[in-house]
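The values are calculated or read from the model by the stated rules, or taken from the named source; none is laboratory data. Owing to the predicted nature of the structure, the values given are computational and were not obtained by experimental measurement. All Cβ positions, glycine included, derive from the backbone under ideal geometry; neighbour counts span all protein chains shown. Heads up: the accessible areas ignore ligands, DNA and RNA and are worked out on the full protein's heavy atoms, side chains in. Shrake-Rupley method; radii C 1.70, N 1.55, O 1.52, S 1.80 Å.
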Amino acid sequence: MRHVVAIFVTTLLTACATGYQAHTWSGGYKDQKLSEGHYYLEYLGNGTTSRETVNAYWDRRANELCPSGFTELSSKVGENDSVAVGTAGITFDHPWKKAEIKCD
């Protein structure tokens, strides 16, 4: 029985991680075309997404927008804190990366 509970909890937690996706309530990418070959791109993680994963997903989207390569004109990385309701004030980091890019 303990194994069933462990599998259920693991499945539940991994289902909450932000996957590679357009932005939804659980995170993802947002991009805005500023001009031809010029974009503003954000990737927002959630409390179960690592900074490394956010950076990898941000790079993936940037390469989709600019298949021949890109240059970061500006870049910011950070994290937002949130408090889980009903857990006595446990905080979670929500990592993000935001940058303006120009396709090569």
Pick from the range 54-79, criterion closer than 17 Å to Asp93 by Cβ, in contact with a strand residue (DSSP E or B) (Cβ under 8 Å, 6 or more places away or on another chain) and not basic (Lys, Arg), ranking: surrounded by the fewest Cβ atoms within 10 Å (Cβ to Cβ): Gly78
Within the range 27-53, can you find the residues that are in contact with an Asp or Glu (Cβ under 6 Å, 6 or more places away or on another chain), open to solvent by less than 60 Å² (accessible area, probe 1.4 Å) and either closer than 23 Å to Phe92 by Cβ or hydroxyl-bearing (Ser, Thr, Tyr) (or both)? Tyr39
If you scan the range 1-44, which residues turn out to be closer than 26 Å to Asn80 by Cβ, modelled with pLDDT under 90 and among the small types (Gly, Ala, Ser)? Ala15, Ala17, Gly19, Ser26
Subset tally (residues that are among the acidic types (Asp, Glu) and under 11 Å from Ile101 (Cα atoms)) for the range 37-58: 1
What are the pairs, 6+ residues apart or on separate chains, where a residue within the range 15-34 that is on the phi < 0 side of the Ramachandran plot and in a loop (DSSP other than H, G, I, E, B) has its Cβ under 8 Å from a residue that is modelled with pLDDT of 95 or more and open to solvent by 80 Å² or more (accessible area, probe 1.4 Å)? Tyr20/Arg60; His23/Lys30
